[in-house]
Amino acid sequence: MNISDKQLGHEVTVHDHAKITNSEFGIYTEVGMYNFLENSTFGDFSYTGQFCFVQNTEIGKYSNIAAMVRIGPTDHPYERPTLHHFTYRRKMYGFSDTDDEQFFEHRESRKTVIGHDTWIGHGAIISPEVTIGHGAVIGAGAVVTKDVEPYAIVVGVPGKQIKKRFSDDIIEKLLKIEWWHWSYDKVKENLDDFYLPIEEFVNKHYED
Ligand SMILES: CC(C)(COP(=O)(O)OP(=O)(O)OC[C@H]1O[C@@H](n2cnc3c(N)ncnc32)[C@H](O)[C@@H]1OP(=O)(O)O)[C@@H](O)C(=O)NCCC(=O)NCCS
């Protein structure tokens, strides 16, 4: 199907071969083909491209996640004598009747947060427990190991901020406007405003 013919709805659209466990989705959300998702939430209008891996992550609204992105990659316990997963996936190898549930619970507790209106570039990796601020851009191929400020643009390995999308004054006002929490009807009615120069958008919608 051509992307311009695609019509999303209130139920999440899941493309072929995606595997989803214990995850929740807002309206107009979309999961790309061959995604692996677990213990994660997608806010309204957020989507992933092809071949993404998202674990233990809370994604805000209107997040744009390109193909081959990995968010919240899980760690092996490198302080143990072996790195091999038989120490926590004991049942798989007949070593025990139980797995190391505490280890899995700890993994799940390490939540990664992706803010509203974010853009995560192709192939980026976002470490567990990192928070990506609202409006931030993560460049293609970045490995982000530390929190990212709202509206920052971060690139490279390890990810470093190269600039911000807007001035501090504009950012502060956008964070108060919180247009991402507008109703569907309000976004639709104000659609033309999203093409305005940022100063005009902010002047029109910011209230002290
Ligand atoms: C991050 C990004 C948005 C920045 O774009 P931009 O504002 O036009 O940035 P510029 O091209 O002016 O580059 C600014 C500097 O950052 C560097 N840079 C830009 N993107 C980079 C990246 N992904 N990784 C490492 N360095 C990068 C440039 O080399 C340049 O360095 P310099 O100042 O030393 O010359 C863009 O480069 C990017 O990565 N986009 C993602 C595209 C993508 O993944 N699309 C998938 C489909 S959604």
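Can you give the local net charge around Ile171? Use residues other than it whose beta-carbon is closer than 13 angstrom to its beta-carbon, Lys and Arg +1, Asp and Glu -1.
Net of charged neighbours comes to -2.
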- Local charge sum around Asn39 (other residues, Cβ-Cβ under 12 Å, Lys/Arg +1, Asp/Glu -1)? -2
- the range 1-125 pair-distance distribution - Cα-Cα, 10 Å bins, rounded %: 13, 40, 27, 15, 5, 0
- Sketch the reach of a paramagnetic label on Arg80 as a point 7 Å from Cα along Cα-to-Cβ, and name the residues of the range 95-112 whose backbone nitrogen lies under 16 Å away. 95-108
- Query: Where does the chain land at 222 nm, in deg cm²/dmol rounded to the nearest 500, when only DSSP H runs of n ≥ 4 count, each adding -39500 (n - 2.57), divided by all residues?
  - Reply: -4500 deg cm²/dmol
- Task: Measure up Lys61/Lys186; Lys160/Lys186; Lys164/Lys204; Lys19/Lys163; Lys163/Lys188 against 27 Å on the Cα-Cα distance and list the ones that go over.
- Result: Lys160/Lys186; Lys19/Lys163; Lys163/Lys188
- Dimensions (Å) - the range 61-208, Cα atoms, principal axes, largest first: 64, 33, 28
- Task: Highest first, please rank the peptides 50-56, 178-184 by the mean number of other Cβ atoms sitting within 10 Å of their residues.
- Result: 50-56, 178-184
- Query: Rounded to the nearest 0.05, what FRET efficiency is calculated for Asp208 and Asp185 with R0 set to 25 Å and r the Cβ-Cβ distance?
  - Reply: 0.50
- Item | Where chymotrypsin sites (Phe, Trp or Tyr not before Pro) fall in DSSP loop in the range 60-138, at most 10 other Cβ within 10 Å | Tyr78
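Give me the net charge for the shell around Ser23: Cβ to Cβ below 14 angstrom, other residues only, Lys and Arg +1, Asp and Glu -1. Intermediate values should be presented prior to the final figure.
Numbers: positive: Lys19, Lys111; negative: Glu11, Glu24, Glu30, Glu38, Glu58, Glu108.
Spelling it out: positives minus negatives among the neighbours equals -4.
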- Under the definition of Cα pairs under 8 Å and six or more residues apart, what whole-number percent is the relative contact order of the range 3-136? 19
- Any trypsin sites (Lys or Arg not before Pro) in the range 140-194 that lie in a DSSP loop and have at most 13 other Cβ atoms within 10 Å would be Lys146
- Estimated Rh, the range 166-208: Kirkwood, alpha-carbon pairs, angstrom: 10.7
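Per Stokes-Einstein, at 4 °C and 1.567 mPa s, what whole-number D in µm² s⁻¹ belongs to the range 1-42, with the Kirkwood radius over Cα pairs as the hydrodynamic radius? Kindly include the intermediate steps, with their values, before the conclusion.
Numbers: Rh = 10.8 Å.
It diffuses with D of about 120 µm²/s by this estimate.
Take the Cβ-Cβ distance between Leu175 and Glu200 as r, set R0 to 30 Å, and report the resulting FRET efficiency rounded to the nearest 0.05. Each step should come with its number before you reach the end.
Details: r = 18 Å, r/R0 = 0.59.
Efficiency, rounded to the nearest 0.05: 0.95.
Coordinate-derived values only; no laboratory data. Small disclaimer: the values here were computed from a predicted structure and weren't measured. Every residue, glycine as well, gets a Cβ built from its backbone with ideal geometry; the counts of neighbours run over all protein chains shown.
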